[in-house]
Structure formats: C-alpha cells, structure tokens
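Participant: Below is a structure I'd like to ask you about.
The values are calculated or read from the model by the stated rules, or taken from the named source; none is laboratory data. As the structure is a prediction and not an experimental result, all values here were calculated from the model. Ideal geometry is used to build each Cβ from the backbone, glycine not excepted, and the neighbour counts take in all protein chains shown.
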Amino acid sequence: MVIWITGLSGAGKSSIARTVIKEFRNSEILALLLDGDDVRSAIADPNLGYDRNCRLTNAYRLSRLANLVEKQGILVVVATMSLFHEIHRWNRENFSEYIEVYVKVNHSVLEQRDARNLYSRAARGEVTSVVGVHLEYDEPIQPHLIIENNEPVEDFTVFGRKIIQLAFGKAG
C-alpha cells in the first residue's frame with residue numbers, strides 16, 4: 001500500500017506523515033517514509049531545478065521509488081507536494097493499494113507559517129518558482145481524504161489516526 005500525502009509547501013505533509021509512520025511502527029507494521037525533500041536531497045541531481053518540468057520529473061521519481069518499495073511488501077508513506085493530475089493518475093494505475101490524502105491550507109495561513117521563508121522570499125522576488133505563487137498546481141480531483149489544516153496544530157495524532165483508519169479500512 002502507498003499512502004500519498006500531498007499539499008503545498010508548509011501544509012504539514014511531513015509532520016502528518018511522520019505521525020502516520022510512527023502509528024504503523026507502533027502496530028509493528030513495516031513502513032517506510034519517503035519525504036519529497038529528503039529524496040530530492042539524497043538523489044542530489046544538479047540538473048533538477050524547481051520549474052514545473054523538473055518538479056514533475058521528481059514526482060515521477062518518487063512514484064516509481066514508492067512502487068519499487070511497495071512491491072517488496074513494505075507499506076510506503078509519501079509526503080510530497082507533487083500536485084499534478086498525471087502523477088495522481090499514474091499512482092492510481094500502478095500501486096496495488098493507493099490512498100491519496102490532500103492536506104489543504106488557505107494561502108494566507110501558508111504565508112503566516114512560512115517556516116522556510118519561501119513565501120516571503122517569493123514576495124520579495126528572491127525566488128520565482130514557488131508553487132501556488134508563480135507556478136499553478138493541480139488540486140487533487142478525488143483524494144480519499146482531505147485534511148483541512150488551517151488551525152495551529154501541535155499534535156498531528158488526530159490526522160494520523162484518520163489516515164490509519166482509512167488505510168486499515170481499505171486493506172481489510
């Protein structure tokens with residue numbers, strides 16, 4: 001099974017994914033987290049930028065890597081922006097079991113959080129390939145779960161449990 005957690009930068013994807021992984025491991029289920037930023041860093045492709053085509057290339061890499069791991073019998077949780085309809089379609093067609101989770105956050109909240117100073121740097125013109133500012137994105141058409149994450153959250157357990165329940169319901 002692959003659980004694909006997607007949303008804009010600052011939405012809380014990685015925090016939710018870490019919570020989900022912890023819950024699976026506490027249940028003694030072998031699970032691997034593939035965080036989009038971590039995988040990009042590990043591959044360290046100097047030719048991979050942040051324009052739409054490069055982002056799409058990276059999203060396909062994540063999908064194919066998740067597919068490889070899933071075929072080994074390991075549950076995979078992917079936390080990535082990858083807001084492309086073609087990726088979501090590919091995932092639905094290629095994973096044995098697939099759960100798509102959209103972490104939706106109002107843009108004004110993302111700008112307030114701005115943990116990486118991404119949105120403020122975009123406003124100052126220091127960066128030009130910010131999804132949701134300079135680059136359009138495809139909101140998932142039919143995610144299995146939408147998590148509205150506009151309020152301050154310190155404990156992501158509630159979100160994690162919703163995903164776990166969905167996963168166990170889909171697998172059962």
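Participant: Report the residue count in region 36-60 for those that are in a helix (DSSP H, G or I) and in contact (Cβ under 8 Å) with a residue 60 or more places away in the chain.
Facilitator: Here the count works out to 2.
Participant: Val133 versus (1) in a loop (DSSP other than H, G, I, E, B); (2) at pLDDT 80 or above; (3) farther than 21 Å from Leu62 by Cβ: which is the lone unmet condition?
Facilitator: Unmet condition: (2).
Participant: Same structure, new question: Restricting to region 61-100, what's the tally of residues that are in contact with a Lys or Arg (Cβ under 7 Å, 6 or more places away or on another chain), assigned to a strand (DSSP E or B) and within 11 Å of Val2 (Cβ to Cβ)?
Facilitator: Count: 2.
Participant: Please identify the pairs in which a residue from region 19-33 that is assigned to a helix (DSSP H, G or I) has its Cβ atom under 6 Å from the Cβ atom of a residue that is modelled with pLDDT of 95 or more, counting only partners at least 6 apart or on another chain.
Facilitator: If the second residue must be modelled with pLDDT of 95 or more, the pairs left are Val20/Val77; Ile21/Ala31; Ile21/Leu33; Ile21/Val77; Phe24/Ala31.
Participant: Suppose we keep only residues that are at pLDDT 90 or above and hydrophobic (A, V, I, L, M, F, W, C) within region 101-115. Which one would you say is nearest to Ile3 (Cα to Cα)?
Facilitator: Result: Val101.
Participant: Just to check your reading of the model, which residue among Arg55, Arg61, Arg124 is of a type in the set (Lys, Arg) and more than 15 Å from the chain's Cα centre (by Cα)?
Facilitator: None of the other options fit; the residue is Arg124.
Participant: Something else: Mind counting the residues in region 19-59 that are surrounded by 15 or more Cβ atoms within 10 Å (Cβ to Cβ), under 20 Å from Tyr98 (Cβ atoms) and not polar (S, T, N, Q)?
Facilitator: Counting residues in region 19-59 that are surrounded by 15 or more Cβ atoms within 10 Å (Cβ to Cβ), under 20 Å from Tyr98 (Cβ atoms) and not polar (S, T, N, Q) gives 13.
Participant: Another one. When you look at Phe84, is it aromatic (Phe, Trp, Tyr) and touching a strand residue (DSSP E or B) at 6+ places or on another chain (Cβ under 6 Å), yes or no?
Facilitator: no
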